[in-house]
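Since every read-out is calculated from the coordinates, none of them should be taken as a lab result. From a predicted model like this one, the values you see are computed outputs, not experimental measurements.
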Amino acid sequence: MAARIPLDQEVALSLALAVIESSNAPLVLLDGDLKVIAASKSFLRGFQIDPAGVVGRPLFELGDGEWDVPQLRSLLKATLFSRAKIEAYEMDLERPASDKRHLVLTAQMLDYGDAEGVRLLLTVSDVTEARAAEKFKDDLLREKAILLQELHHRVANSLQIIAAVLLQNARRVDSVEILGQFHDAHNRVMSGANIKQQLAALRLGDVHLRAYFTDLCRSLSASMIRDRDQLSLEVHADDSLTDADVSVSLGLIVTELVINALKHAFPGHRAGKITVGYASKGAGWTLSVIDDGVGMPTDKASAKPGLGTSIIEALAKQLDARVAVASVDPGTSVSIVHL
């Protein structure tokens, strides 16, 4: 390491004064007693300080004494003693008949190799407007979250009314086939209402899928499984997070697959279990619904895709995922895979 060559203090001071004079940033050069050696025009203008008599005055006597903040005084003295650099110290500056300003200060010793010629360069940044803009943004996000929750509540209420109307109209139908379609429509509308209710309980931002699926399946089980000792609905999911839009599509897929399993996998009051699984690795993820029921139908008439299948395929496409259906022993496995 090269030996330090002491600079001539007058030359060094002249250079420092020239930098401060030409600077657009609010700068103040202080001596070892924290008296002003020089201050930039932007500092004087920005904080409405009369240039007359500034040089030689203590920093804490500038203006109407608003710079005499105990924490700032202690920090600058500690900097002089320890030669440490102050990085981004924040403080509020309160002046008579003026709005409070939020400042960020940086202080650094200028070492000329002479203990007697101590200099401290203070940089002052007024971030009041920037912080106000941040607060405004945070307030907008908070308001958006409240409005979104209210929207979810209103949509859920409307869907429940529609579901009630469907059931009322179903009582007037004699055809078993049409009655079944009414009940399917009712279940789908109620599932949409359940998803909206789940999202209404969440804050704006990422959704914890394990808790989301657990609450959703608990709601589906309560409304669609009469004997929970005979049929069970379980969730096995990792700690993945996703955004609200994706969670809506995933929730609708789970609902459709669970409804389909309840409708076809357990005829004749057959006992069994439906398992909803979710796992992710990097950007890829797999959602699965597996039942231990009778398995997929073998005759072409029963195997014909229905409305539920079309809904699942459309939602999977929206998520840029593919649908994989497989027979397991016993039962059926349906996976939605995003690579």
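Potential lengthening of the chain between F81 and T309 amounts to 74.6 nm, from the contour at 0.36 nm per residue minus the alpha-carbon distance. Rounded to two decimals, the Cα radius of gyration of the stretch 255-339 over 2.2 N^0.38 Å is 1.11. Checked against a 27 Å cut-off, the cross-linked pairs K77/K100; K85/K137; K281/K317 give Cα-Cα distances beyond that limit for K85/K137.
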